[in-house]
Amino acid sequence: MWKHINTVLYRLYYAYRGRKLWQKSTRWQMSELPVDSDEAAPILYVAWGRIGDLLLATGHLRHLRRWFHPHPVWLLGRPEVETIVKPYIDVFVPLDEKKEGSQEETQHHLLNQLNRPFSKIIADIHTFYGGVFVIGRLLEQLQAPQKFIYEGYHLGANLAPWRPYPAGFEIIPRQPAHDPDTEEVSTRHVLHHMAYYIREVLKRVHISHELVCPMKPELTGEEADESVCRKFNLEPGKYIAWQPVSNNPKKDYPFARWFDVTGSFQDQVFVALGTRSEQERLAGRTAPNLINLCGQTTLPETIQLIHQSRMFLGLDSGLSHVASILGQQTICVSQNSNLGYFFPYPVEYGFTNQHTVYHPDYVHCSGCFMTCCYEPIVATYRKGALCLRTLPVEQIVQKIEDVLEAEE
């Protein structure tokens with residue numbers, strides 16, 4: 001019963017929210033294009049995804065310069081992803097959708113940067129989910145002879161049911177042969193969708209000889225640097241890096257249960273990492289074996305602290321992707337609702353250092369995207385995913401013990 005009701009409520013909410021965002025997007029108005037120059041027009045990659053999404057995209061981002069030489073590669077994305085993508089691009093154009101609506105000067109600067117001819121425009125596979133509402137009209141005005149967008153990695157009624165794809169874009173159909181309601185967890189991962197989408201784009205721009213190019217994610221330029229540990233009085237290899245909360249509270253594990261986990265390892269130091277807003281949510285929650293560095297580190301410093309840790313413990317969030325791709329032993333405590341789309345990674349990519357913990361009683365629910373069968377959607381949005389908040393502490397403790405024992 002609840003599944004049907006929640007799906008209807010979600011569709012109504014998403015339609016209302018999407019319409020509001022679409023109306024707000026009328027602010028994107030470009031002036032007349034400048035005269036073409038003799039320079040090779042850039043490739044523009046539009047990244048609606050966040051840090052973890054862009055880390056997964058490095059598997060193809062690292063090849064863009066070679067594929068499209070001599071065209072420079074530009075990337076339009078959220079400010080926080082610049083650290084991740086800068087080794088692979090020539091120009092980064094920051095897009096802060098919250099800031100853009102309130103600061104006219106910043107918005108005008110962005111429009112001036114993008115008000116030029118591009119050779120090709122490639123929107124990432126996450127644009128179908130919200131991005132088409134927020135920046136859809138901006139994308140329509142960008143000038144390029146070829147513009148591509150992915151239909152979506154999940155086309156069910158419980159994720160982005162309304163998708164006003166921007167005019168002028170060729171919609172690359174979703175990877176075939178998989179029913180989103182019945183496909184196996186191992187085949188639905190966004191890495192598969194990214195590889196399929198990019199290869200379809202390459203076919204359409206006649207770069208078909210690159211179709212077998214490996215697209216394994218990477219994190220470049222992150223050699224171990226013990227100076228970051230010294231800055232925070234930490235001993236390399238003697239602490240567990242921990243992300244206790246994410247930027248999406250629905251994907252958080254209850255604090256009481258987290259502290260039952262950390263309390264089971266009094267001989268281990270847990271270093272909490274995250275943003276300033278996550279620091280506020282953790283404020284006042286202390287333990288003898290906990291060091292709270294949320295909001296005190298830059299992203300490069302956070303990456304180094306993960307790199308220097310004994311292991312990483314976190315949620316279905318960006319830092320778990322950082323740890324996994326660095327090759328660090330990573331335990332991801334995940335909700336079942338999108339199990340297989342982001343965690344765990346497909347076996348064929350070779351990330352044997354990754355361990356995903358999820359509730360065994362809700363495996364059949366994977367792919368519900370939090371339109372739950374067992375409770376009202378309001379409860380899920382207030383308390384977080386049922387499958388995650390009821391995950392037994394013992395499962396996480398056992399997995400930590402397994403990883404620590406394997407080290408010895």
- Message: I'm told THR275 meets every condition in (1) touching a residue at least 60 places away in the same chain (Cβ under 8 Å); (2) in contact with a Cys (Cβ under 9 Å, 6 or more places away or on another chain); (3) of a type outside the set (A, V, I, L, M, F, W, C) except one. Can you identify the failing condition by its number?
- Response: (1)
- Looking only at strands (runs of 3 or more DSSP E) that fall completely inside the range 305-381, which ones have 3 or more residues that are outside the structural domain of LEU54 (by TED's automatic domain parsing) and not hydrophobic (A, V, I, L, M, F, W, C)? 354-357
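Each row is one residue, and each column tells you yes or no for (1) surrounded by fewer than 19 Cβ atoms within 10 Å (Cβ to Cβ); (2) at pLDDT 95 or above; (3) out of contact with any strand residue (DSSP E or B) (no Cβ under 8 Å at 6 or more places or on another chain); (4) not polar (S, T, N, Q).
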{"site": "CYS213", "(1), (2), (3), (4)": "yes, no, yes, yes"}
{"site": "PHE255", "(1), (2), (3), (4)": "yes, no, yes, yes"}
{"site": "THR262", "(1), (2), (3), (4)": "no, yes, no, no"}
{"site": "GLN266", "(1), (2), (3), (4)": "yes, yes, yes, no"}
- Message: Suppose the filter is outside any loop (DSSP other than H, G, I, E, B), under 30 Å from ARG65 (Cβ atoms), β-branched (Val, Ile, Thr) and touching a residue at least 40 places away in the same chain (Cβ under 8 Å); does VAL261 pass it?
- Response: no
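The values are calculated or read from the model by the stated rules, or taken from the named source; none is laboratory data. Note that the coordinates shown come from a computational prediction; the quantities given were computed from them, not determined experimentally. Using ideal geometry, Cβ is built from the backbone for each residue, glycine included, and neighbour counts are taken over all protein chains shown.
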